[in-house]
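The values are calculated or read from the model by the stated rules, or taken from the named source; none is laboratory data. Here the structure is a predicted model, which means the values were calculated and not measured. Every residue, glycine as well, gets a Cβ built from its backbone with ideal geometry; the counts of neighbours run over all protein chains shown. Just the protein is used for accessible areas: all its heavy atoms, side chains included, with ligands, DNA and RNA removed. Shrake-Rupley method; radii C 1.70, N 1.55, O 1.52, S 1.80 Å.
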Amino acid sequence: QSHHPLRVLNPSVPTRFTYTEKCSPLTTTDFELFLDGNPLEYETDKVVAIYDWSGGYLGRETNWYWTAFGAILEDGTSIGANFAAFTNETYFSENAFWINNKRTRINRVLYDFNEQNPYESWHIYDEERTLDIRFTPQGERKDQMNGGPLVKMIFRQFVGTFEGFFQPTASEKTVFKGIKGFCEIHRAIW
């Protein structure tokens with residue numbers, strides 16, 4: 001409850017559903033990290049975690065853009081974000097940002113970028129101007145599968161930096177720069 005996760009349950013077709021839960025950011029007072037049973041050393045005032053869990057029955061054709069990041073700013077403010085386009089817009093969106101664990105939901109997020117050259121800057125914003133951010137990709141992990149006419153998938157997840165602002169209604173802008181995170185392009189038929 002202290003982190004106000006975003007939980008969304010939507011029908012995907014009349015007899016199926018999708019569920020997603022997202023939370024950002026969790027600070028190092030909320031968890032510990034281990035590798036091979038040994039605790040990892042890290043700067044506790046600079047490390048955060050985000051989580052994204054989804055399940056259910058996606059439609060036969062899926063198509064989305066996705067963004068996630070979390071950070072602690074120099075003034076100690078914690079921020080986090082989860083945005084998606086082309087998924088769940090007909091019911092409840094999975095778009096939200098967090099400032100000091102207070103969640104602000106966003107109805108629709110717009111992605112303006114060159115999908116033919118995704119290493120150019122991405123512009124992510126909403127029409128109400130509660131958020132306006134730029135993403136600069138710096139690397140990616142990707143996968144592609146072509147199983148004939150019934151199964152195809154293109155997956156590209158970019159890691160890079162974000163800069164911009166969040167401004168919940170009647171609040172001050174929270175401005176940030178150089179925040180690490182992810183943007184993703186996903187297309188699939190199954």
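See the values below:
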quantity	calculated
Residue in the stretch 115-122 that is within 18 Å of N63 (Cβ to Cβ), in a strand (DSSP E or B), touching a His at 6+ places or on another chain (Cβ under 8 Å) and of a type in the set (A, V, I, L, M, F, W, C) present	no
Scope the stretch 91-114; condition of a type in the set (A, V, I, L, M, F, W, C), over 15 Å from the mean Cα position of the chain (by Cα) and at pLDDT 95 or above; matching residues	F113
Residues (assigned to a strand (DSSP E or B), open to solvent by 60 Å² or more (accessible area, probe 1.4 Å) and in contact (Cβ under 8 Å) with a residue 12 or more places away in the chain) located in the stretch 20-51	I50, Y51
Candidate set from the stretch 57-86 (those that are of a type in the set (S, T, Y) and over 12 Å from the mean Cα position of the chain (by Cα)); member that is nearest to W98 (Cα to Cα)	S78
Selection within the stretch 76-134 - buried (at least 19 other Cβ atoms within 10 Å of the Cβ) and of a type in the set (D, E, K, R)	E94
A68 vs. criteria touching a residue at least 40 places away in the same chain (Cβ under 8 Å), under 29 Å from G178 (Cα atoms) and surrounded by 12 or more Cβ atoms within 10 Å (Cβ to Cβ)	yes
So F97, is it assigned to a strand (DSSP E or B) and touching a Cys at 6+ places or on another chain (Cβ under 6 Å)	no
Subset tally (residues that are among the acidic types (D, E) and at pLDDT 95 or above) for the stretch 156-183	1
